[in-house]
1. Take the alpha-carbon positions of the stretch B:9-57, form their convex hull, and give its projected area averaged over all directions (one quarter of the hull surface) in nm².
2. For the stretch A:149-292, just say rounded, prolate or oblate: build the C-alpha gyration tensor, square-root its eigenvalues into a ≥ b ≥ c, call rounded for a/c under 1.5, and beyond that prolate if a/b exceeds b/c, oblate if not.
3. On a straight-distance basis, which aspartates and glutamates could pair with A:Lys246 in a cross-link, Cα separation under 19 angstrom, same-chain partners fewer than 8 positions away excluded?
4. Grab the Cα-Cα distance for A:Ser384 and A:Asp220, subtract it from 0.36 nm times how many residues apart they are, and report the gain in nm with one decimal.
5. Taking amide H positions as placed in the peptide plane 1.01 Å from N, state which residues far from B:Glu52 in sequence (5 or more) or on other chains have amide H under 5 Å from it.
6. For B:His84, which sequence-distant residues (separation of 5 or more, or a different chain) have an amide H within less than 5 Å of its own amide H, given hydrogens modelled in the peptide plane?
7. Would you work out the charge dipole size for chain B about its Cα centre, treating the Cβ of every Lys and Arg as +1 and the Cβ of every Asp and Glu as -1, and quote it to the nearest 20 debye?
8. Distance between the C-alpha centers of the stretch B:46-113 and the stretch A:355-426? Whole Å please.
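The values are calculated or read from the model by the stated rules, or taken from the named source; none is laboratory data. All values derive from a computational prediction rather than experimental measurement. Methodologically, a virtual Cβ is constructed for each residue, glycine included, from the backbone with ideal geometry; neighbour enumeration extends over all protein chains shown. For the accessible areas, the whole protein counts, side chains as well, though only heavy atoms, and no ligand, DNA or RNA atoms are used. Shrake-Rupley method; radii C 1.70, N 1.55, O 1.52, S 1.80 Å.
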Amino acid sequence: MPPPNTPVDGTTTPQSTQPSQPAQSSQSSQSVSRPTSSIIMDASQVKTALVKMDYQAIDYVNPVDETLICPICRTAFHSPITTPCGHTFCAKCINRALERQRVCPIDRQPIDKTRDYRPIPLIIKEQLDRLEARCPNQGCDYVCARENLEAHYERHCEFTLVHCSKPSCDKLVARHLCSIEGQCMHEMTNCDFCLKPVAFVDLDAHWEQECEAAFATCPDCDASVSVVNNSMLKHIQQECPEAMAKCKWDGAGCRVTDKRRIVREHERNGCMYETVGRLLEQQAEDRRIIQDLTRRLASLEAVRDTRRRERRRDSAATINDRTATATAAGGSLTNPTTSTSTPADSTTWESPHNYMLAQFERLESHMEELREMVCEMDMRQSASFLHHSKQVADRFLELGDKVGVLSMHTKWLLNMQYMQRNAQLRAANAASLAAAAAGAGGAGLSGGSDGLNHGGESSSGAGSSSDSGLRYQGSRRGSEGRIENLTRL
Amino acid sequence: MSAPFAAKRLGKELQKISNSLPPGIELVSADNFEEWLLDIRVLDDNPLYRNEIYRLRFRFSSTYPIEPPEVVFVKLPDRPIPIHPHIYSNGIICLDLLGHQGWSPVQNVESVCMSLQSMLTGNSKNERPPGDEEFVRGNRLRPRDIEFYYHDNDV
């Protein structure tokens with residue numbers, strides 16, 4: 001089983017005439033740079049960061065998606081580029097890797113870095129910019145979108161290293177420590193307590209960790225307490241078990257005053273003023289709530305009054321406004337914000353409540369208009385429906401008529417066929433009777449011609465009735481006449 | 001400049017490794033960013049490596065991950081050197097992945113361990129590399145300076 005990432009056959013090292021040190025990496029590897037003069041001349045005199053923000057040291061609030069992580073440094077991409085084979089790396093990382101081997105670290109396709117890089121899609125850049133990032137400085141917990149973090153780091157962060165205030169000193173110091181102009185924080189001073197020489201910058205650390213003289217023994221409890229920044233006073237006033245203290249229920253009338261640990265004991269065992277004390281606390285709480293409610297009530301009343309005044313003043317204007325919106329019904333209804341914002345702009349609102357109330361009223365009037373429109377549309381709809389259905393009913397009646405006529409015609413035709421057959425039979429009988437009874441005669445000839453005439457007449461009648469349809473009244477009369485004729489025959 | 005780069009990358013890896021590792025791989029110690037110890041074992045029932053656990057030592061240079069780490073098996077009373085035609089009896093591993101040509105900066109400790117696991121799993125030859133005894137006796141070079149000739153593409 002071959003291990004992963006065995007070199008692909010046929011890959012060759014690319015020939016490049018370019019110098020091996022790329023411009024990009026030389027720029028980024030220059031980690032310490034003097035601030036440019038333009039920034040120093042800035043009116044605000046903000047000291048800029050001297051060490052570029054290290055993107056790899058950034059901590060992200062949420063876990064970063066695996067697809068946004070550079071496979072070389074394993075942190076979210078910083079100014080990424082894409083290789084011709086489609087793989088993305090931080091520019092710095094891929095440049096370092098290519099210095100050693102001119103192939104893509106993932107699939108070992110040859111890369112000519114001076115020519116082959118492609119920019120990444122903007123959508124990736126945006127995703128990276130929006131990552132919520134924490135300031136990489138120790139002690140700073142500022143969080144913002146990553147694109148803004150560099151500005152924070154360089155201009156604002158109190159923990160960024162900047163040049164020492166004293167021009168002759170070339171050391172760096174956290175920004176919040178160089179507030180005094182011309183004061184070098186690296187100058188040695190003597191510790192106030194142990195008198196050892198300590199740099200100003202290190203004074204806090206010295207007091208906290210090294211200086212033994214900065215700790216004194218509490219006169220009451222023998223504990224070793226730091227004397228810096230009034231911590232001894234705090235200790236005596238709040239913590240020291242041997243210092244004198246008053247009972248917690250002092251305000252309720254308890255007069256116990258003793259060493260703190262005895263007072264604590266007394267409190268634990270149940271001070272007799274405790275009930276009173278709690279009652280007083282409760283009362284104070286109630287009073288506070290009442291005051292709060294009174295204040296709110298007053299403000300609400302004020303709002304109500306102004307609202308009332310305003311409504312009276314604006315009533316005429318509102319009516320005008322309403323009619324205007326009603327005439328421009330379609331437009332204002334599809335886009336109510338435009339119609340409501342215009343009056344809001346022209347009037348100055350005394351408070352957000354008033355504004356909201358006015359907006360609410362407008363919306364209500366719009367609702368009313370909409371309701372009316374819907375009613376009207378409903379009516380129109382039902383009217384047109386009635387109209388259409390009437391037409392359809394008429395057509396049905398007409399069709400029924402026609403069907404009746406057609407059935408009549410069929411009946412007539414069948415009838416006529418029946419008659420014809422009867423007549424032919426009768427004629428044939430008469431002819432045979434005549435032939436049998438007597439020899440040739442005038443009477444026999446005239447009877448034959450009579451029969452032929454009848455045949456001609458009936459065929460023309462059938463033709464005229466078949467194409468009738470529209471002229472059915474006339475043809476009906478004709479056909480009726482013809483039926484009479486036939487029955488007479 | 002490069003030392004923090006390696007440290008940061010290893011910090012990230014350590015963070016990930018201490019959360020989860022693939023089966024058969026265990027972190028023994030990672031007290032600094034120079035030397036880590038890991039235990040690996042073969043997951044399938046290969047009779048050559050059954051019921052054995054092997055100790056790996058990673059040594060990282062300041063140029064990691066651009067340069068490969070030095071990875072060797074370490075012999076301890078309960079941690080033998082696995083028998084394999086590409087592993088010398090002093091623990092030195094002949095694997096192109098760990099050489100300068102085969103290494104890629106996208107590799108990491110976890111992927112190296114997995115590659116070694118699969119290298120052992122796929123082996124069925126109960127033998128050491130040719131010339132093992134002489135090499136072990138004579139070699140004074142560090143593993144990274146040895147020029148291996150990767151001739152065998154089957155394992």
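1. Details: hull surface 14.7 nm².
Answer in nm², one decimal: 3.7.
2. Details: a/c = 4.75, a/b = 1.84, b/c = 2.59.
It is oblate, given that a/c is not under 1.5 and a/b is not larger than b/c.
3. A:Asp220, A:Asp258, A:Glu265, A:Glu267, A:Glu274, A:Glu281
4. Working: separation 164, 0.36 × 164 = 59.04 nm, distance 10.13 nm.
Using 0.36 nm per residue and subtracting the Cα-Cα distance, I get 48.9 nm.
5. B:Val42
6. B:Glu127
7. Values: 17 positive and 22 negative charges, 79 e Å.
Charge dipole of chain B: 380 debye, to the nearest 20.
8. 91 Å
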